[in-house]
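Working notes, structure below.
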Amino acid sequence: MLYYNPLSSIAKLVKHKEYALKKHLIFVGSTFIFNTPLQAYIVRQIKEKLDHLDSITYFQESDNSLFLHLEQRFSKECMTVIVASKSSFPVIGKLLSTITADNQILKEQMLIPSRTTLFEHNSYLLKHEHTAINVILASEGEALPNILFDDDVRSAVIQLFNEEKENARAMLEPLAQTYEVRFDLTEIVSGWLQLRIQSGRYGNIAQFIASCKQLLPSQIIPASNIAAYIIERLQHNQKKITFAESCTGGLLAAFLTRESGASAVFEGSLVTYSNTLKSNWLAVDDAKFEEFGAVSPAVVEEMTEGAINVSYADYAIAVSGIAGPGGATETKKVGTVCINVRSKTEHRTEELHFCGDRNYVQEQSTLYAVKMLLLLDKKTFFEKS
């Protein structure tokens, strides 16, 4: 059994019992362990329905500890999604029937526990005492069957910029108490906090968010999907964006184009890994490489200028860095990244020092660059018109 718990320290609230309800995902089948694109797709779909997951657990088809694990799930108040392979799907039904002292019946060409509450093709919902389990059959290359939970806990996600975590908590906690919601703070990158808000039956999330925006108008973006939000704001203002990427290797482009509608605002990205392409495609002066190096404010500033010149976009982002594990010099260690964001009227540059492995440095660089873009033009991204 493999076990991953991304939110192991979720705080409990006493006033509304809904807050303490845990949400779990169980994968049963080796395909979900080794087919990471399929696994990621399923997790995205379930999070879209349930907002978040408190744990993700993986089992092989032949894992004998699965029965005990499921039995323990029924001893706690929780919501659990079990995603099963074709071979393990009927086994799950037998195990659940045994645990709940139930019989199986044939519905929608599935053998399922007779006390099943809801069912449709390849998905059924079983409620037993204080536990609800949705069993889903997932197959490679196919759309995930419907998730049958009706989540009573309302939730939302908003973004907060340029505020320390403890200061943010101190400012927003009185509002949370007023509107009977709770929130958790996560630092995405330095200067970018994400608020995950939950409400019980009597809370008012909408009013809480409105009050937060009123309190911090130039720091709050009331959107959970920041890439989709950027696309919407650029399209609304009839503006376009382009990227010039080195160490991120196209991650900025992937960040934006994974969302529908990107083609309306995105001109493209030049992945200029070598100095030759930085020079030939983006017109970076060769003398800048000699004097400052490819990872330098001088070079990324010319990269964005070149990107705007070739694309006629309204904004450009350039990233150049040492993602590691090799490539460090005496003056520039692994994790050194330079980012420039540019509009047609101004630009800003930062030199950062990220920690972590190669992929984490790349991902932090991408997110920090997105943050810099948002803060470059607050009128476009923070003021709704």
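The values are calculated or read from the model by the stated rules, or taken from the named source; none is laboratory data. What you see is a predicted model, and the numbers here were worked out from it, not measured in a lab. Glycine gets a Cβ as well: all are built from the backbone with ideal geometry, and neighbour counts include every protein chain shown. Surface areas here come from the heavy atoms of the whole protein model, side chains and all, with no ligands, DNA or RNA. Shrake-Rupley method; radii C 1.70, N 1.55, O 1.52, S 1.80 Å.
If you go through region 359-382 one residue at a time, do you hit one that is at pLDDT 95 or above, of a type in the set (S, T, Y) and touching a Pro at 6+ places or on another chain (Cβ under 9 Å)?
No: zero hits.
Considering only region 347-385, state which residues are under 12 Å from I317 (Cβ atoms) and polar (S, T, N, Q).
Passing the criteria: T349, S365, T366.
Only one residue in A168, A223 is more than 30 Å from E108 (Cα to Cα) and not in a helix (DSSP H, G or I), so which one is that?
A223
Of all residues in region 50-92 being of a type in the set (K, R) and surrounded by fewer than 17 Cβ atoms within 10 Å (Cβ to Cβ), which is nearest to A132 (Cα to Cα)?
K76
Of I231, I188, I241, I197, which residue is at pLDDT below 95 and of a type in the set (A, V, I, L, M)?
I197
Being more than 21 Å from A156 (Cβ to Cβ) and assigned to a strand (DSSP E or B) narrows it down to one of F255, F243, so name that one.
Criteria check complete, one pass: F243.
When you scan region 158-187, how many residues do you find that are hydrophobic (A, V, I, L, M, F, W, C), touching a strand residue (DSSP E or B) at 6+ places or on another chain (Cβ under 6 Å) and surrounded by fewer than 18 Cβ atoms within 10 Å (Cβ to Cβ)?
Qualifying residue count for the region: 1.
Could you grab me the full set of residues in region 304-346 that are charged (D, E, K, R) and touching a residue at least 24 places away in the same chain (Cβ under 8 Å)?
E305, D314, K332, R342, K344, E346
When you check S224 against the structure, is it surrounded by 15 or more Cβ atoms within 10 Å (Cβ to Cβ) and touching a helix residue (DSSP H, G or I) at 6+ places or on another chain (Cβ under 7 Å), yes or no?
no
In region 335-362, which residues are surrounded by fewer than 22 Cβ atoms within 10 Å (Cβ to Cβ) and touching a strand residue (DSSP E or B) at 6+ places or on another chain (Cβ under 9 Å)?
G335, S343, K344, H347, R348, T349, E350, E351, L352, H353, F354
Starting from region 166-177, take each residue that is under 14 Å from N204 (Cα atoms) and at pLDDT 95 or above and list its partners that are part of a helix (DSSP H, G or I) and open to solvent by 70 Å² or more (accessible area, probe 1.4 Å), counting only C-beta distances under 6 angstrom and pairs at least six apart or across chains.
From residues that are under 14 Å from N204 (Cα atoms) and at pLDDT 95 or above, there are no pairs.
Within region 249-277, restricting attention to residues that are in contact with a strand residue (DSSP E or B) (Cβ under 9 Å, 6 or more places away or on another chain) and in contact (Cβ under 8 Å) with a residue 40 or more places away in the chain, which residue is least open to solvent (accessible area, probe 1.4 Å)?
In this case the residue turns out to be L252.
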